[in-house]
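Note sheet for the following structure.
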Amino acid sequence: VELGDTSDGAPALCSHNGRLYLAWKGSGNDNLNLAFSEDNGATFRGKTTFAETSSHGPALTSHGGRLFMAWKGSGNENLNVAKVALFGNTQGGFGIDGLEAKVVLAEISEEPPALGSQSGMLYLGWKGEGEDHLNLRVSRDGAFRPLGPWIFSDLGHLGFYVAAYRTPPALPELLDPVPRSEEHTSELQSRQ
């Protein structure tokens, strides 16, 4: 299937609630676009062009019964995540209504992010600015709020429940620095 739309960035493809979604950055402009298919990708319709812009293609994933889109801002390097607002009616009408609950993160990248869902968690991955370190943030609801002091985890399948209280270290200057990727790799290789 060849679509009439063009892009100078990589598209994103995602299956969500029985429909296939295709997202892309416009060619010759930075606006993000989204369309859906109800016939396994034979045709796409309902194209929506958002006001949000990016110099790279977006990422899509289905999480918790919602469709999420992530992108690197255009004109800035900040990462953005939003829920795609969809509508349907009793007559069988369906469409894309826009983006909602948009979160602009302080994290920046020169490349497009990746988005995925696993075990009730929404994952956002990206290449850091400057250095080539990979970064990952996790959220249950897509808000990507900083972790609070309390962390709860139901590990009933293992026979216990965890409740932990996080506090800043009393003497942070005594902490060991985080090893750089290549240092960690060479250390692991020397141990083998």
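What to note about this one:
- By average C-beta atoms within 10 angstrom, highest first, the peptides 154-161, 91-98, 168-175: 91-98, 154-161, 168-175
- Mean accessible surface per residue for the stretch 1-128, computed with a 1.4 Å probe while every protein chain stays in place, in Å²: 47
- Computed accessible area, residue 8, all protein chains, 1.4 angstrom probe, square angstrom: 100
- Protein-only accessible surface order, largest first, of 53, 61 at 1.4 Å: 53, 61
- Cα shape, the stretch 29-72, gyration tensor, a/c 1.5 rule: oblate
- Taken about its Cα centre, the stretch 55-146 carries a charge dipole of about 420 debye when Lys and Arg each add +1 at the Cβ and Asp and Glu each add -1 at the Cβ.
- Between residue 131 and residue 117, full extension at 0.36 nm per residue minus the direct alpha carbon distance yields a gain of 2.4 nm.
- Heavy atoms of residue 150: accessible area, 1.4 Å probe, square angstrom to 10: 140
- Summed side-chain charge close to residue 125 - residues other than residue 125 whose Cβ falls under 11 Å, Lys, Arg +1, Asp, Glu -1: 0
- Nearest-10 value in Å² for the accessible area of residue 90, using the 1.4 Å probe: 140
- Seen against the Cα atoms of the chain and their longest principal axis, helix 181-191 is set at about 50 degrees.
- Label corresponding to Cα extents along the principal axes in Å when calculated from the structure given, among (1) 50, 35, 35; (2) 75, 31, 28; (3) 61, 41, 33: (3)
- Within-14-Å neighbourhood charge of residue 54 [Cβ basis; K, R +1; D, E -1]: -3
- Expressed as a whole percent, the accessible surface of the chain that belongs to carbon and sulfur atoms is 51, based on a 1.4 Å probe.
- Surrounding net charge for residue 112, when Lys and Arg each add one and Asp and Glu each subtract one, Cβ distance under 10 Å: +1
- For 69, 121, the ranking by accessible surface with the largest value first comes to 121, 69, using a 1.4 Å probe.
The values are calculated or read from the model by the stated rules, or taken from the named source; none is laboratory data. Remember, it's a predicted structure, so these values are computed and weren't measured experimentally. Positions of Cβ are generated from backbone atoms using ideal geometry, with glycine treated the same way; all protein chains shown enter the neighbour counts. Quick note on the areas: whole protein, heavy atoms, side chains included, nothing else; ligands and nucleic acids left out. Shrake-Rupley method; radii C 1.70, N 1.55, O 1.52, S 1.80 Å.
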